[in-house]
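Single-structure report; data block below.
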Amino acid sequence: MHYGNSMHCSWKTLAANKARSFLSMLGVIIGVMVVIIIISVGAGAQSLILNQIKSLGSNLVGVLPGQSEEKGPPVAALGVVITTLKYEDGKAIAQSGNPHIIGVASYVRGIDTVVVGDKKTDTNFLGTTASYINVEDANVETGRFFTEEEERAMGRVAALGSQVAQDLFGNDDPLGKQIKIKRTPFTIIGVMKARGVSGFQNQDNQIFVPLPAAQKLLLGINHVSFMRVKVDSGEYVDSAMDFVKQILRAEHGITNAADDDFTVRSATDGLAALTQITNALRFFLAAVASIALVVGGFGIMNIMLAAVTERTREIGLRKAVGARHSDITRQFLVETVTITLSGGIIGALFGILLSVIAATVAQNLGYKWDLVVTFSSVLFAGAVSVAIGLIFGIVPARRASRLNPIEALRYE
Amino acid sequence: MSLIDVKNLSKEYRNGEVVTPVLRGLNFAIQKGEFAAIMGPSGSGKSTLMHILGFLDTLSSGQYIFDGRDVSTLSEDELAEMRSCSVGFVFQSFNLLPRTTVLDNAILPLMYTKDKRPEWSAKAKAALESVGLGHRLHHMSDQLSGGEKQRVAIARALINKPELIFADEPTGNLDSKSGLQVMKIFQDLNAQGHTVILVTHEKYTAEHAQRILRLKDGALVGDEKVRDRQLADGNGELRK
């Protein structure tokens, strides 16, 4: 029996049992649909995150404490505290006189509940250098940011993010007022312009204080969490990175690059690392979703086994008129694959439809969300459907082919 | 040379330690063009004999030579090919595919031959017309009367132009008029040169054949020519 004939027969059988065929396809339909949606929505969300990171600026170089693997994320990004970067390191880079380095900002971060009168808010306080304004292109709404003198003198002055100012003072003017962070009073000298969410951090829900004050008075530490170096143009980023490394090695007394206790990364490096993480996440989710496909496969195997029993007489008859074992095996295998492939196609269509809807909704909400439905993911769905049909169809098909024709013909 | 030559054929079923003999040392031959009936009460082994002769079952000992070939030397696939090309079956319970048209039912055996698909319909149509069902081609098999169903089954058995047609109680589920119409078809086919083997427990039905082989408890107890043959006509009437 030729494959074309088998396909033709399968279609007739499926069409004759429409409701059952649809129900048996349901597992594969849902499985394929979920896999397509996860791959597509995952890619869309990835594009959203990466677009945001790109908006941070590609001429920033990040310096993180601790060494990192060549391509992997720096350990500091995974929450390990390493104390090798110091306030003085940032100053050394800033004072090195490299013409392409136009600013260096250092950071430490903490969380506290800040209370003013009857209002309180949970907020981040960011200990940073006066150069922050320049490095991050931030702007002051009212008042001013702290100066380098205030920074060095451990001045107890603070600039509020726009949201913090709103939460604590409403429409009152916060300038000159005092707030307490970790029971230490700070005088408010400025309110920042709203910047929105950028790189996972709500920039407006932060209180900016001089870095030495945050280290000594609020956190009791003497290291910095990370530094950002601003380069005048993207084309000098690579040379600036090498320069920063040399300065830090000199500062830390390191002679061999393999002994580096810091990591220097450009925004592009960060993108690559983040892409790797989000990719891993997407494939993990897709793997979880494919469990639905396996469950669908078992459902189909169950239905095909029942169909073999129900069609025992038909199988006996086919053998009596000359069907070989291989003909019967092929017939049931092709029938199973026809079910799973049809399910796969329907599932892919629904998956694409829902991905388009998700992307449209996200775009209408103002996110930079790219619709990503790759040909390869559709091809993958089709291949997986066929594979499931073959894997889960072989047991029923072999059982059918081994039926004794005489007993099969007598079966009631 | 005989079409069928059976020598000392025996068949037994084993169920663990218990051995049940079904056929005991049969010897007979059937020539091309004969119309033979195998007759016996239920349990006499006549169905088992038909299954062995029709390549659906294997013998336990003895020899079965079909058209000069020793059947016990054939492989599974060769047996399937014999079923496909050399014999046709007509069953008591019709065994048509449900929810399938008359035409597609008749086409079924063609799927397992080297015949090309474009020729299938024409062949099936011709076979159905020869049993008087040319007007029913696109009806579903479930919509037919018993007699019509059995005629579809005969068309299906004929479609590969086999040398030998087996009919297992072909009139068992039919009223007497339809039964006679079916027997008429078998007699006509025999007249055209087909070899027909009829399996039945009824003496009356068996007497439509030219020769009766009597089975009892798995042994051949009689082999005689039918002297007073029943002749059916197409209107379901008997004429002598």
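In table form, for the structure just shown:
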item	result
Verdict on B:Lys161 being closer than 23 Å to B:Met82 by Cα and touching a Cys at 6+ places or on another chain (Cβ under 9 Å)	yes
In the range B:52-65, residue nearest to the other protein chains (Cβ to nearest Cβ) [restricted to those that are out of contact with any strand residue (DSSP E or B) (no Cβ under 6 Å at 6 or more places or on another chain) and surrounded by fewer than 21 Cβ atoms within 10 Å (Cβ to Cβ)]	B:Asp57
So A:Arg330, is it more than 14 Å from chain B (Cβ to nearest Cβ) and either outside any helix (DSSP H, G or I) or of a type in the set (Lys, Arg) (or both)	no
Residue satisfying condition, being of a type outside the set (Gly, Ala, Ser), modelled with pLDDT of 90 or more and either surrounded by 17 or more Cβ atoms within 10 Å (Cβ to Cβ) or not in a helix (DSSP H, G or I) (or both), within set A:Val372, A:Val395, A:Val378, A:Val337	A:Val337
Output for the range B:92-103, where each listed residue is more than 7 Å from chain A (Cβ to nearest Cβ) and either surrounded by 19 or more Cβ atoms within 10 Å (Cβ to Cβ) or more than 13 Å from the chain's Cα centre (by Cα) (or both)	B:Phe94, B:Leu96, B:Pro98, B:Thr100, B:Thr101, B:Val102, B:Leu103
Residue satisfying condition, being without any contact (Cβ under 8 Å) to a residue 60 or more places away in the chain, farther than 24 Å from A:Val108 by Cα and either of a type in the set (A, V, I, L, M, F, W, C) or surrounded by 20 or more Cβ atoms within 10 Å (Cβ to Cβ) (or both), within set A:Ala258, A:Ala289	A:Ala258
Single residue of the range B:73-91 satisfying the filter (within 17 Å of A:Ser401 (Cα to Cα) and small (Gly, Ala, Ser)) that is nearest to the other protein chains (Cβ to nearest Cβ)	B:Ser84
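The values are calculated or read from the model by the stated rules, or taken from the named source; none is laboratory data. These numbers come from a predicted model, not from an experiment. When we count neighbours, we look across all protein chains shown, and the Cβ atoms used for this are built from the backbone with ideal geometry, even at glycine.
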